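Scroll down for the structure; my scribbles are underneath it.
The values are calculated or read from the model by the stated rules, or taken from the named source; none is laboratory data. As the structure is a prediction and not an experimental result, all values here were calculated from the model. Ideal geometry is used to build each Cβ from the backbone, glycine not excepted, and the neighbour counts take in all protein chains shown.
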Amino acid sequence: MKTFVQEGRTFTAPAPYDRKGGEAALIGNIVAVAVFDVAQGAEGEWTCEGIYDLAKAPSQAWAEIGNVIYWDDENKRFTTVAAGNTLAGAMMATTGNGADETVGRVRLNGAARPAEAA
């Protein structure tokens with residue numbers, strides 16, 4: 001097919017800020033994970049679908065698998081708080097609310113979404 005470019009699970013785009021491979025970022029209105037380390041402004045490879053263990057807000061319980069999850073671009077982590085944050089996907093594992101519980105399992109939805117109204 002002449003118009004096909006790629007499947008779309010991964011894409012190339014400039015990094016909005018420094019990211020290590022495996023860290024998430026907001027690329028326009030798409031939450032994606034850096035495939036490799038990439039410096040701010042440099043072209044990087046990003047994946048926007050799949051299930052990943054990623055930074056989450058500490059002291060915040062994730063109570064039910066399948067609940068929606070948001071990207072907090074200011075703090076560079078996932079959260080259950082919608083206001084001012086970008087819908088990213090769904091939580092895929094429960095976590096407690098301990099201050100040291102800073103990793104959550106996230107299923108990225110791969111869709112572009114504007115930030116929720118604050």
Per-region count, segment 95-118, residues modelled with pLDDT of 95 or more and either over 13 Å from D53 (Cβ atoms) or among the basic types (K, R) (or both)
2
Which count do you get for residues in segment 10-23 that are surrounded by 13 or more Cβ atoms within 10 Å (Cβ to Cβ) and in a loop (DSSP other than H, G, I, E, B)?
5
Got a number for residues in segment 31-71 being within 14 Å of A90 (Cα to Cα) and either touching a helix residue (DSSP H, G or I) at 6+ places or on another chain (Cβ under 9 Å) or not small (G, A, S) (or both)?
16
